[in-house]
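Quick notes on the structure that follows.
The values are calculated or read from the model by the stated rules, or taken from the named source; none is laboratory data. Small disclaimer: the values here were computed from a predicted structure and weren't measured. Methodologically, a virtual Cβ is constructed for each residue, glycine included, from the backbone with ideal geometry; neighbour enumeration extends over all protein chains shown. Keep in mind that these areas ignore ligands, DNA and RNA; they rest on the heavy atoms of the full protein, side chains included. Shrake-Rupley method; radii C 1.70, N 1.55, O 1.52, S 1.80 Å.
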Amino acid sequence: MLMGIRWLLFGLLFLPCCQSAIDEEVFALKQFKKAIFEDPSSRLSDWDPDEDDPCSWTGIICSGNGDHVISLNVSNSSLEGFLAPELGSLLFLEELILRGNSFRGVIPREIGKLKRLTALDLSRNRFSGPIPQEIKNLDKITKINLRANALTGKIPVEIWNFSNLVELRLDKNKLDGSISSVLHEGSRLCLSRQLEFLNISYNFLVGKVPSCLSYLPRDGFQGNCMQEESVLQRSAQQCAKHQEETYSGSKLTEGRPIEEKLDRGKSGQPVWLLILEIFTGVVVAAFMIMSIYTAIRKFKAKSLLIARWKKTIKSRDSMLMSLDGALIKHAPAFSRQQLEIACEDFSNIIGSSPDIILYKGIMKDGPEIAVISLIASINDWEPCHELLFQKKVADLARTNHENVSKVIGYCREDCPFTRMLVFEYASNGTLYEHLHYGEGSQLYWTKRMRIAIGIARGLRHLHNELQPPFIISDLNSGSVYLTEDFSPKLADIESWRSMIPKSGKIGAAFQRFPDSSETKHADVRENTIAFGVMLLEIVSGRPPYCKDRGKLVNWAVEYLKKPDMMCHLVDPELRYFKHDDLRVICNAVNLCIQSEPAKIPSMREICAMLEDGIDTSAAADLKESPLAWAELVLSS
């Protein structure tokens with residue numbers, strides 16, 4: 001009896017502690033989701049904020065009795081956001097797998113609290129800054145994968161002394177420092193020889209690899225600045241430039257092209273280039289033979305030309321028949337190799353979804369680029385898709401305005417199958433990010449007004465100055481990219497997602513091709529309505545839709561037509577705004593979102609209203625922002 005009472009008392013004492021631990025883990029997961037601002041695949045849609053049992057949530061695995069979270073795996077989910085430091089409260093976590101997303105910012109120091117962690121995979125994201133020193137606390141870790149990010153600084157020396165580590169991937173970052181000074185013959189990894197896989201290639205590491213690691217593949221050390229003759233290293237010029245930038249304290253340039261692999265022969269010509277020339281010659285000869293053979297077959301089978309769109313024809317032959325070089329002759333063509341070099345072996349990923357991957361790169365002559373790569377298979381790529389691809393490229397090539405993202409060119413190759421679009425890179429992120437996850441002080445009132453007018457000018461060019469009009473498929477603050485000086489650039493990325501073939505099916509974009517004039521007018525009105533919603537978003541700082549508050553328009557409608565209530569629309573983070581500007585914005589919004597589509601004015605009229613009614617001169621800046629004086633001096 002006495003023993004039973006003791007166990008009861010023990011249970012009563014232990015239960016609150018256990019419940020408290022569960023609550024803390026649930027809170028940490030909710031904070032993790034809160035720090036994510038893009039979930040295009042709705043991967044976390046079942047993470048109910050009102051539910052306190054996360055074990056049924058996507059990507060979560062709990063312990064056998066369901067009292068702790070032991071695994072968080074949401075890889076390849078196109079999530080975009082930051083890594084919440086509250087994850088450090090998941091003290092029983094054994095596996096953290098976030099690869100293939102678009103997480104950005106630094107890896108939080110709190111990750112060092114996950115002392116039970118055995119697998120850490122943050123690869124193919126956009127993390128920057130150093131690897132936190134607190135990683136030394138993960139003494140049970142067996143696998144670390146941080147490849148294909150933008151990490152800088154030195155590799156923490158403690159990594160080389162982990163007693164259980166068998167796999168380490170740090171390649172395709174911007175790490176530097178001497179490898180031989182931290183990874184020496186006396187390191188635990190050298191003594192134990194337990195490391196089965198190591199890849200630290202394509203960084204800026206110097207020194208020599210210890211002989212104790214000679215059993216590992218040599219390509220895991222290439223693309224650095226090491227004194228290793230057995231593997232290809234970066235050019236001396238690249239290494240010197242990186243060192244100069246690092247020690248001068250300047251910020252490293254993102255998206256630097258992958259190094260030219262110099263291995264020159266006596267003639268001064270790179271050996272790889274000589275091999276490439278020979279290989280190219282062989283390929284060209286083989287291609288000519290195949291072309292002659294194909295021409296003979298086509299001549300003998302004229303009936304195939306009549307049935308060019310029938311599915312009985314092989315997809316490759318159909319594709320060749322559907323090509324129309326004149327359609328895209330005004331857009332420059334890039335080779336896959338050119339873009340591969342510019343985008344650091346396609347490791348510099350800045351966004352992804354199930355349909356596209358977005359890379360950042362820098363061309364040989366200097367301009368920064370963004371590259372959209374379609375995720376498609378040649379087996380599903382039919383003539384209609386190829387024709388639509390060319391039509392989209394030609395359509396985008398028509399645009400020429402400072403507030404529209406400029407198309408630089410395209411890439412179209414069949415081996416390996418490649419369909420890419422190249423356009424100019426805007427380095428300051430999207431308007432959505434700045435409004436909802438940036439610092440409010442950066443977007444003061446006049447700057448927001450400039451952005452609004454810039455978007456209006458871009459839409460005026462697309463709708464009124466181009467014939468036929470060009471439509472942004474899904475106009476929102478996420479499709480507005482900002483330059484360093486916060487000039488907006490409209491980008492139509494969503495249209496590329498909709499044209500991807502799904503197991504032979506025609507993409508949604510093709511189902512409306514060719515576009516009728518009636519459809520074009522309807523789409524123009526949709527863009528104008530979306531612009532009105534975006535104006536509300538710019539002024540209020542609120543997203544277009546929020547689960548707790550519903551639609552932004554529904555909330556704003558009661559304030560829009562009442563002059564004495566309009567001030568309630570303004571973002572509370574703004575310390576200053578102009579009532580006259582707000583009145584102009586509200587009038588424009590009312591015109592854009594009115595219930596009768598036929599009465600919605602053109603973007604030419606909306607743009608003129610904003611330009612005439614809002615002062616965005618430098619003098620307007622000086623009234624509201626103390627930083628504007630400095631900006632004015634710097635720009636003069």
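A few remarks follow.
- Under the Debye formula (equal points on every Cα, no solvent term), log10 I(q)/I(0) of segment 40-122 at q = 0.13, 0.15, 0.19 Å⁻¹: -0.40, -0.54, -0.90
- Filtered chymotrypsin sites (Phe, Trp or Tyr not before Pro), segment 190-225: DSSP coil and at most 14 other beta carbons within 10 Å: Y215
- Carbon-plus-sulfur accessible fraction, segment 342-457 (probe radius 1.4 Å, protein heavy atoms only): 47%.
- Total formal charge among the other residues, if their Cβ is under 13 angstrom from that of S102, Lys/Arg +1 and Asp/Glu -1: +2
- Given charges at Cβ of Lys, Arg, Asp, Glu: segment 79-190 dipole, positive-most of G129, I144, S102: S102
- Amide hydrogen proximity for D345: with H placed 1.01 Å from N in the peptide plane, the residues at 5 or more positions away or on another chain lying under 5 Å are I258.
- Efficiency of FRET from Cβ geometry, D219 and E402, R₀ 56 Å, rounded to 0.05: 0.80
- Remark: for residue pairs K241/K447; K30/K562; K578/K599; K391/K489, the C-alpha separation exceeds 32 Å in K241/K447; K30/K562.
- Hull volume per residue, based on the alpha-carbon atoms of segment 341-417 and their convex hull, is 117 Å³.
- At 0.692 mPa s and 37 °C, Stokes diffusion of segment 325-365 via Kirkwood alpha-carbon radius, µm² per second: 282 µm²/s
- FRET E, pair C567, I378, Förster distance 41 Å, beta-carbon r, rounded to 0.05: 0.10
- Backbone amide hydrogens, once placed in the peptide plane, bring G129 within less than 5 Å of T152, excluding anything fewer than 5 places away on its chain.
- Residues whose amide H comes within less than 5 Å of that of G351, counting only those at least five positions distant or on another chain, are L358 (H built at 1.01 Å from N in the peptide plane).
- Of the accessible area of segment 14-153, computed with a 1.4 Å probe over protein heavy atoms only, carbon and sulfur atoms account for 50 percent.
- Sorted from greatest to least, the principal axis extents spanned by the alpha carbons of segment 326-459 come out as 50, 32, 31 Å.
- Take the Cβ atoms of E244 and T483, set R0 to 22 Å, and the FRET efficiency comes out at 0.25.
- For Y545, neighbours were defined as the other residues whose beta-carbon sits under 14 Å from its Cβ, and their charges (Lys and Arg +1, Asp and Glu -1) total -1.
- Hz values of 3J(HN,Hα) by residue in segment 27-43 - Karplus curve (6.51, -1.76, 1.60), Gly and Pro given as x: 4, 4, 5, 5, 5, 4, 5, 5, 7, 9, 10, 9, 9, x, 8, 6, 5
- 1.4 Å probe accessible area per residue over segment 112-180, in Å²: 35 Å²
- Ratio of Rg to Rh over segment 38-79 (Cα coordinates, Kirkwood Rh, two decimals): 0.99
- Label zone at R525 (point 7 Å along Cα-to-Cβ), backbone N below 16 Å, segment 457-490: none
- Backbone phi angles across segment 224-232, fed through the Karplus curve with coefficients 6.51, -1.76 and 1.60 (θ = phi - 60°), yield HN-Hα couplings of 10, 10, 7, 8, 10, 7, 7, 10, 5 Hz in residue order; Gly and Pro are listed as x.
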